[in-house]
Amino acid sequence: MVVLSQPALEHFSLIKACKPTSLSCGIPVIDLTDPEAKNHIVRACEEYGFFKVVNHGVPLEFMAKLETEAVKFFGLPQFEKDKAGPPDPFGYGSKRIGPNGDVGWIEYLLLNTNNRVTSNKTLPIFGHSQIFRSAVDEYISAVKKMAFEVLELMADGLRIQPRNVLSRLLKDDKSDSCFRLNHYPPCPELQALNGRNLIGFGEHTDPQIISVLRSNNTSGLQILLRDETWATVPPDHTSFFVNVGDALQVMTNGRFKSVKHRVLADTKKSRLSMIYFGAPPLNEKIATLPKLVEKEEESLYREFTWCEYKKSAYKSRLADYRLGLFEKT
Ligand code: GA4
């Protein structure tokens, strides 16, 4: 176990509080039982790269159980949590995000969705709590099923066949998907820094295909709209939020945009979020889906493997535009 010293508050990004747009009425809401869902999903991905999912079929009990277990974990003494860190990238992390100097007002657990049980890093986490392990497992299985359905509806909406062209990448046994539990502790000192917001997780796009997020009822998530303004996403602990990731932007030749998002810390309330990042297998080629371009030359990106993209992402800072290196010149 290596325990790194923690950065002091002045090392965190404090941003001038500006009145963000509230998306309460504007945010696209997809009802998975609606026969028109496939078309609504495509429109939401084109316009926002982001949408909320209701009537998703994931039992609320799974969501609540995992939240309870995660709260218990983050409530452990620091030395206990540090036994599962530092993240490499999997494991427990606090304040530092990724390997290149990004920091945030956050602590987290990053898990691999395939080898959850055997990984060294997960032993100190789950070794003593069979309940935590099974809560993670049942939650991930249910959310994955929902993610497959969303991707199949997306293929239907894009009128591409077979309808599993996207979902098969996440269904694959070798899928490189991962799972993250984020805890944003309240920061009471913020009150004294009048008119400033503290960054919990800095602005970035997710590298994967899609990310499926669920949080408790504390706000903090913001997405960047097309007009370059930040919009606050009202929390809803019974629903899920789906982000378009960079790989899906490439597969749709830029028709869907990966959404820039960030999380602000709160002065009084803890925010807890759980995110499934759906990724292809490492050796999978990422390229524009042939049905979405007439000729290969029309593709805006050169072909690359998920492994190449991931390696390049881990050399970048959070806010970097990672797809730039893969655009055709
Ligand atoms: C953003 C999305 C996921 O949380 C993540 C993050 C990863 C990490 O925290 O280790 C990265 C970040 C994320 C993008 C750029 C690199 C890698 C931190 C970072 C600076 C797990 C992922 O896959 O990419």
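The values are calculated or read from the model by the stated rules, or taken from the named source; none is laboratory data. Since the structure is predicted, the reported quantities are computational estimates derived from the model, not experimental observations. Positions of Cβ are backbone-derived with ideal geometry, glycine not excepted, and every protein chain shown enters the neighbour counts. Just so you know, the surface numbers come from the protein's heavy atoms only, side chains and all, with ligands and any DNA or RNA stripped out. Shrake-Rupley method; radii C 1.70, N 1.55, O 1.52, S 1.80 Å.
3J(HN,Hα) couplings calculated from phi for the range 313-328 with the Karplus curve 6.51 cos²θ - 1.76 cosθ + 1.60 (θ = phi - 60°) are, in sequence order, 4, 6, 9, 9, 8, 3, 7, 4, 8, 6, 6, x, 5, 10, 7, 6 Hz; Gly and Pro show x. When the chain is treated as a Gaussian network with alpha carbon springs shorter than 10 Å, the biggest mean-square fluctuation among S134, S273, S167 belongs to S134. Per residue, the accessible area of the range 101-222 comes to 39 Å², computed with a 1.4 Å probe over protein heavy atoms only.
Full extension of the segment from E149 to E303, taken as 0.36 nm per residue of separation minus the current Cα-Cα distance, would add 52.8 nm. Straight-distance candidates among the aspartates and glutamates for linking to K81, with alpha-carbon spacing under 18 Å and chain neighbours fewer than 8 residues away dropped: E67, E69, E107. Projected onto the charge dipole of the range 78-191 (+1 at Lys/Arg Cβ, -1 at Asp/Glu Cβ, origin at the Cα centre), which of C187, G93, F132 gives the Cα projection farthest towards the positive end? Of the listed residues, the answer is F132.
Surface composition of the range 230-329: carbon plus sulfur atoms contribute 54% of the solvent-accessible area (1.4 Å probe, protein chains only, all chains present). With contacts taken as Cα pairs under 8 Å at a separation of at least 6 residues, the range 252-329 carries a relative contact order of 31 percent.
Ranked from highest to lowest mean number of other Cβ atoms within 10 Å per residue, what is the order of the peptides 33-42, 235-244? Intermediate results must be reported in sequence, preceding the final value.
Numbers: 33-42: 15.7, 235-244: 20.6.
Packing order, densest peptide first, comes out as 235-244, 33-42.
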